[in-house]
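Let me begin by presenting the structure, written as structure tokens, before commenting on it.
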Amino acid sequence: MTENMSRLVLVALSAVVVAQPGAQNARVVIDMVQNNPGDPVAWQQTKYFDPRVLASNGYDAQTTTGEMSGTQAVDFHTLGKGNYFPAGSASRRWLDAYGHGVARFVNRTKAAGLKSYFFVDLLVFPLPVIAAYADQIVDPKTGDLLWNNVTATLLSVMVDETFAAYPGCDGWIVRTGETYTYDTPYHKGNTPNPSKDSAVWSAFITELSALVNVRHKKDLFFRGWDNWPSSAEYYTEMTDKIPTHPQLYFSIKHSASDFVRPAAWNPQLGVGKHAQIIEVELQREYEGKAAYPNYAMSGVINGFPEMTPPIGLRDVINSSQVRGLWTWSRGGGWWGPYIHGQELWIDLHVRTLLKWWNSLGAITEPDSFAAAVPELLAGCSAEECLAAVRSLALTSADIILHGQWGTIHSPGDWMRDDRIGGLGKTSGHFNALGHDESAWAASLAEKTRAKNESIANLALFQYSIAPHLTDPSVADATETSIRYGVHLYTIVEAGWIVMQQGYRKLHSMPWDATALAAAISDYDAAYAEYRAFGLAEIYAASLYHPYYLCLGTSCNCAFDPAPGTVPDGIGATVDQFRNTSV
């Protein structure tokens, strides 16, 4: 190790965070538009990139997406061990162009009066830096970066150079559980703690706080997602070893796992000695991404109905630990549906949640909702219209619970993003039903319920909401999104029957050949109608694909991909039984 590196390690390790019991962290409300990694189409079309829009909605901070961070725009020149991005090289030109865009982000955010944060993946370093220290920092078996004194030095250098290059940056939101470099060809990395050892986290976060909070007097938000279990005991045991600091926060999702249903509350919230911010996803990535109605804020704030008892943000907003909110107004997950700037259901989430949050819960969620509706649906101020919109919104959440997820041995994420899985994703659910015919009937009844509720929501809109609306384009776009849900859950019901009957046939259980044949016919007709709808309706979001999720820049996202180029899904399951239905 060079003398310069040794000095940097000593400086980093000697910057001990001084505990400040009872220090009051500032309250903060942050938004992020997440550009889905590896997907150029998902560079969002959204007003929420504009920090002035955020300020007008009650936010006071904005963060970049994980694939656009100032930490990936520094060249490590202060290491003094070579020129890692030579002048005129492709890598230098990439770095300079990238850095220019990052600087413009900081300048826009600060000009709007907001705090400017970088969303930082750790550990991620430039490829030539990794190559220069490979024998000290790369695991020869896995090729992964190791967390040790040398990578601690590199992290220290990256912190210093980032804040020197972007002095307007107010701090970092750190992600380590997921690390994506699909879009950054000159960087790579991984978590510093793949074993999720609590002692390693305690030491790592303490050192990172020393660098960011103490040395640079910047804010640091450390995410819990995918780093450790959603356990209050694990969290407190790990974080109790980390000194508090008025600029150190832990970022915790409101849900115990991901943003899914049936929902479970995250028990890490409102415990421990550290300040926390709560993560809330507004474009629910597993649930259509606002291609069709899905109002989740009643559940997020008040607790979802499937919880026993219901627990929501209202139960912790005024706890001593909770000092902020971080919303993902757009993005999350992978691929589509792409909503092409039609953000009504996102806007309803933003307006309702922010008005409620910034009142510290003094305004109820229903009252905040009622205040938002006339702002978004001009003309809908009469009691009849407001009540109808409220009913439609709450019903939309019920459709999601029963149509996509299910409460009878939930099938999990067989649908997500813009993909619909087949028996490969649902066999475990059907296996759990066993030979309980009432459970089989109840499982199908949930899908039928979702379809019928979608149809009822469309009628409710047409007869009790649309006549009040004064902007024809808003009325058309809203009705189109509701029709989208009708088409989708008609497909879901037919596909569910195919999977049920197909599974029973494959497992020598009683099955109905007539029902299987009819379901295949219904599925084909429903999917044809859905494709035509997406083609002809200018306000329609992009459509779901009848195959499952794949990741990476080589994934095929075509309507009719060549066999073997995508994971199997509902389409492959339907095809499997076409010739065996009689």
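The values are calculated or read from the model by the stated rules, or taken from the named source; none is laboratory data. What you see is a predicted model, and the numbers here were worked out from it, not measured in a lab. Using ideal geometry, Cβ is built from the backbone for each residue, glycine included, and neighbour counts are taken over all protein chains shown. The area values use the complete protein model at the heavy-atom level, side chains included, leaving out ligands, DNA and RNA. Shrake-Rupley method; radii C 1.70, N 1.55, O 1.52, S 1.80 Å.
With contacts taken as Cα pairs under 8 Å at a separation of at least 6 residues, the chain carries a relative contact order of 13 percent. Between R419 and H545, the built amide H atoms are under 5 Å apart, and every one of these is 5 or more places off in sequence or on another chain.
Whole-Hz Karplus values for region 539-546 come out as 8, 6, 5, 5, 9, 6, 9, x Hz, taken residue by residue from phi with 6.51 cos²θ - 1.76 cosθ + 1.60 and θ = phi - 60°; glycine and proline positions read x.
Using 0.36 nm per residue, how much length does the chain from A131 to R93 gain when fully extended, once their Cα-Cα distance is taken away?
Working: separation 38, 0.36 × 38 = 13.68 nm, distance 1.99 nm.
Gain on stretching A131 to R93: 11.7 nm.
Our estimate of slack between S391 and D197, defined as 0.36 nm per intervening residue step minus the Cα-Cα distance, is 65.2 nm. Backbone geometry of region 87-101 corresponds, through the Karplus equation with coefficients 6.51, -1.76 and 1.60 at θ = phi - 60°, to 3J(HN,Hα) couplings of 4, x, 6, 4, 5, 5, 5, 4, 4, 5, 5, 4, x, 4, x Hz, x marking Gly and Pro.
Using θ = phi - 60° in the Karplus curve 6.51 cos²θ - 1.76 cosθ + 1.60, the 3J(HN,Hα) couplings for region 235-242 round to 4, 5, 4, 6, 7, 4, 7, 9 Hz; x is entered for Gly and Pro.
Projecting the Cα atoms of H429, T407, A388 onto the charge dipole of region 384-433 (Cβ charges, centred on the Cα centre) puts H429 farthest toward the positive pole.
Annotation: peptides 346-355, 565-574, ranked by per-residue average of other Cβ atoms within 10 Å with the highest first, follow the order 346-355, 565-574. Protection proxy ranking of 548-557, 163-172, 65-74, by the mean of other Cβ atoms within 10 Å over each peptide's residues and highest first, is 65-74, 163-172, 548-557.
Set the Förster distance to 30 Å, then compute FRET efficiency between N148 and S319 from the Cβ-Cβ distance, nearest 0.05. About 0.20, to the nearest 0.05.
Which FRET efficiency value, to the nearest 0.05, do you get for R27 and S56 by plugging their Cβ-Cβ distance into 1/(1 + (r/R0)^6) with R0 = 22 Å? Please list the in-between numbers first.
Working: r = 19 Å, r/R0 = 0.84.
Between R27 and S56 the formula returns 0.75.
Accessible surface for M297 stands near 0 Å², nearest 10, in the context of the full protein assembly shown (1.4 Å probe).
Roll a 1.4 angstrom probe over the protein heavy atoms and tell me the percent of accessible area of the chain that is carbon or sulfur.
Working: 11930 of 21630 Å².
The C+S portion of the solvent-accessible surface of the chain is 55 percent.
Note on K188: aspartates and glutamates with a C-alpha under 20 Å away, same-chain residues under 8 apart excluded, are D39, E67, D75, D96, D121, D135, D139, D144, D160, E161, E178, D226. A simple spin-label model places the labels of K110 and L444 6.4 nm from each other, with each point 7 Å out along Cα-to-Cβ.
Helix-derived [θ] at 222 nm for the chain: sum -39500 (n - 2.57) over DSSP H runs of at least 4, divide by residue count, nearest 500? Present the calculation step by step, with values, prior to reporting the outcome.
Details: 17 runs with 238 residues, N = 582.
Taking each H run of at least 4 residues, the total per residue is -13000 deg cm²/dmol.
Between F119 and T64, I173, the built amide H atoms are under 5 Å apart, and every one of these is 5 or more places off in sequence or on another chain.
Charged neighbours of S464, selected by a Cβ distance under 14 Å, balance to -2 (K, R count +1; D, E count -1). Distance from the C-alpha centroid of region 455-509 to that of region 523-582: 17 Å, rounded to the whole angstrom.
Roughly how big is region 361-493's charge dipole about its Cα centre, with Cβ charges of +1 (Lys, Arg) and -1 (Asp, Glu), in debye to the nearest 20?
Numbers: 8 positive and 17 negative charges, 86 e Å.
In debye, rounded to 20, region 361-493 gives about 420.
Would you mind getting the accessible area per residue of region 152-268, heavy atoms of the protein chains only, 1.4 Å probe, in Å²?
29 Å²
Computed from point charges on the beta carbon alone (+1 for Lys and Arg, -1 for Asp and Glu), the dipole magnitude for the chain about its Cα centre is near 1200 Debye.
The Rg/Rh ratio for region 388-474, using Cα coordinates for both the radius of gyration and the Kirkwood hydrodynamic radius, is 1.11. Counting only aspartates and glutamates at least 8 places from K47 when in the same chain, those with an alpha carbon closer than 15 Å to its own are D31, E343, D347.
Please name which of V200, A256, W225 has its Cα lying farthest along the dipole of the chain towards the positive end, using unit charges on Cβ (Lys, Arg +1; Asp, Glu -1) and the Cα centre as origin. Result: V200.
Applying a 4.7 Å Cβ-Cβ cutoff to the chain leaves C169, C557 as cysteine residues with no disulfide-compatible partner.
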